[in-house]
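Asks: My questions will all concern the structure given below.
The values are calculated or read from the model by the stated rules, or taken from the named source; none is laboratory data. All values reported here derive from a predicted model rather than from experimental measurement. Glycine gets a Cβ as well: all are built from the backbone with ideal geometry, and neighbour counts include every protein chain shown. Remember, those area values only see protein heavy atoms, side chains included, never the ligands or the DNA or RNA. Shrake-Rupley method; radii C 1.70, N 1.55, O 1.52, S 1.80 Å.
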Amino acid sequence: MIEFKNVSASYDGELAVLRDVSFTVGDGDFVAFVGTNGAGKSTTMRLANGLLKPTAGEVLVDGVPTTALKTSELARRIGFLFQNPDRQICCNTVREELLFGFKALGEEGPAAEERVDAIIERFGFDADAEPYLLNRGTRQLLALASIIVLAPPTIILDEPTTGLDFRECVKVMDVVRELNEGGTTVITVCHDMEVVGDFARRVIAMTGGRVVADGATFDVLRDGRVLKEAHILPPQVTEVSMILGRDEGCPEAIAQADTVPQMVAAIAQELQLEGRAAAEAAALANDVAAALSAETVASAAAVVEAKAMLGDAGADGEGGR
């Protein structure tokens, strides 16, 4: 668990980058920090893993202040993925890169080799490949794998999908989701609201070095005040549903859809209801038409009968004369 208690921080001792920030990230959570550049998100991440110390307040990791923990202790508890993998990769081969963390922690040995072999197989890496000759997406995946192999209970990701195409993004984030489902706490900084909406369960929005919202993902991303204050836009489906929801006649399911599957299901349900209503209306129209037809036939018969009776009455009158 990571706790921020009234934390303030600065880089030069004068200009505050963070101002009285408080929040708690529980074990197994998946939290996305959102906001514009300069909001204080990356600074918050550096405080969380001890790279930066607070100028006021406390940052606690499992109840212990980061100021009381050694760098090696923090490294065992929190893995950190930089935005640019080239600032993290430092070895000549994939295998060496994956073993580097164990060497830094003094934990080399057969057990470390086994874990590295398992990661290489899991990700389909070429163990002897030179990291800097890999494409950007694979380098990002390697940097992530170099953290995963150490099995820290918490991982912090600073813009993990920057510079990745759609397939690379999905590949990286699917790994992150799998880790979280296995119990790893995930904290990420992300500007891509589509990624945030698809993966995070909780969002903390920041602006000007302070927290302006903290809650369930779509509760935050549907809050107009927060969107304006944090200068962010909701995911596309959410934005469309919010616009449609302004129309009083918009079905509730469509107005509340936040993902593509939800929107598709809502539209299908509405079409089904409309189809059922149309079928019921058609059946009613048929019933009315049948009733009108029967009424018309009956009226016609009555007219014929009336004429016949009038005809008979006329004949009787003539005979009497």
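Asks: Could you list, in sequence order, the residues of segment 77-101 that are under 28 Å from the mean Cα position of the chain (by Cα) and not aromatic (Phe, Trp, Tyr)?
Replies: Within segment 77-101, 77, 78, 79, 81, 83, 84, 85, 86, 87, 88 qualify.
Asks: Could you name every one of the helices (runs of 4 or more DSSP H) located completely within segment 167-242 that has at least 3 residues being without any contact (Cβ under 8 Å) to a residue 60 or more places away in the chain and closer than 17 Å to residue 39 by Cα?
Replies: By residue number, 224-230.
Asks: Separate question: Quick one: would you say residue 133 is over 23 Å from residue 234 (Cβ atoms), out of contact with any Lys or Arg (no Cβ under 7 Å at 6 or more places or on another chain), buried (at least 20 other Cβ atoms within 10 Å of the Cβ) and among the hydrophobic types (A, V, I, L, M, F, W, C)?
Replies: So residue 133 fails the test.
Asks: What are the residue pairs meeting all of these: first residue in segment 55-66, first residue on the phi > 0 side of the Ramachandran plot, second residue open to solvent by less than 40 Å² (accessible area, probe 1.4 Å), Cβ atoms under 9 Å, and 6 or more apart or on different chains?
Replies: These pairs meet every condition: 57/4; 57/7; 57/8; 57/9; 57/18; 57/21; 62/2; 63/3.
Asks: For residue 229, indicate whether it is modelled with pLDDT under 95, open to solvent by 50 Å² or more (accessible area, probe 1.4 Å) and within 18 Å of the chain's Cα centre (by Cα).
Replies: Considered against the rule, which asks whether it is modelled with pLDDT under 95, open to solvent by 50 Å² or more (accessible area, probe 1.4 Å) and within 18 Å of the chain's Cα centre (by Cα), residue 229 comes out as no.
Asks: Could you tell me whether residue 55 is in the same structural domain as residue 24 (by the TED database), over 13 Å from residue 17 (Cβ atoms), open to solvent by 60 Å² or more (accessible area, probe 1.4 Å) and hydroxyl-bearing (Ser, Thr, Tyr)?
Replies: When the stated conditions are applied, residue 55 does not pass them.
Asks: Which one of these is touching a Phe, Trp or Tyr at 6+ places or on another chain (Cβ under 6 Å), in a strand (DSSP E or B), touching a residue at least 24 places away in the same chain (Cβ under 8 Å) and on the phi < 0 side of the Ramachandran plot: 4, 80, 33?
Replies: On inspection, the qualifying residue turns out to be 4.
Asks: Considering each residue of segment 58-70, count those that are open to solvent by 40 Å² or more (accessible area, probe 1.4 Å) and part of a strand (DSSP E or B), and give that number.
Replies: Number of matching residues: 2.
Asks: State yes or no: is residue 8 modelled with pLDDT of 90 or more, of a type in the set (S, T, N, Q) and surrounded by fewer than 16 Cβ atoms within 10 Å (Cβ to Cβ)?
Replies: no
Asks: Scanning for something touching a strand residue (DSSP E or B) at 6+ places or on another chain (Cβ under 7 Å) and either outside the structural domain of residue 28 (by the TED database) or among the β-branched types (Val, Ile, Thr) (or both), does segment 134-148 turn up at least one residue?
Replies: Scanning segment 134-148 turns up at least one residue that is touching a strand residue (DSSP E or B) at 6+ places or on another chain (Cβ under 7 Å) and either outside the structural domain of residue 28 (by the TED database) or among the β-branched types (Val, Ile, Thr) (or both).
Asks: Then there is this: Among what's in segment 106-126 and is surrounded by 14 or more Cβ atoms within 10 Å (Cβ to Cβ) and not acidic (Asp, Glu), pick the residue that is modelled with the lowest pLDDT.
Replies: 123
Asks: In segment 141-166, what residues are out of contact with any Leu (no Cβ under 9 Å at 6 or more places or on another chain) and assigned to a helix (DSSP H, G or I)?
Replies: Listed by number, the list holds a single entry, 166.
Asks: Hey, can you tell me all the residues within segment 11-34 that are surrounded by fewer than 15 Cβ atoms within 10 Å (Cβ to Cβ) and either more than 26 Å from the chain's Cα centre (by Cα) or under 18 Å from residue 188 (Cβ atoms) (or both)?
Replies: Correct list: 11, 12, 13, 14, 15, 24, 26, 27.
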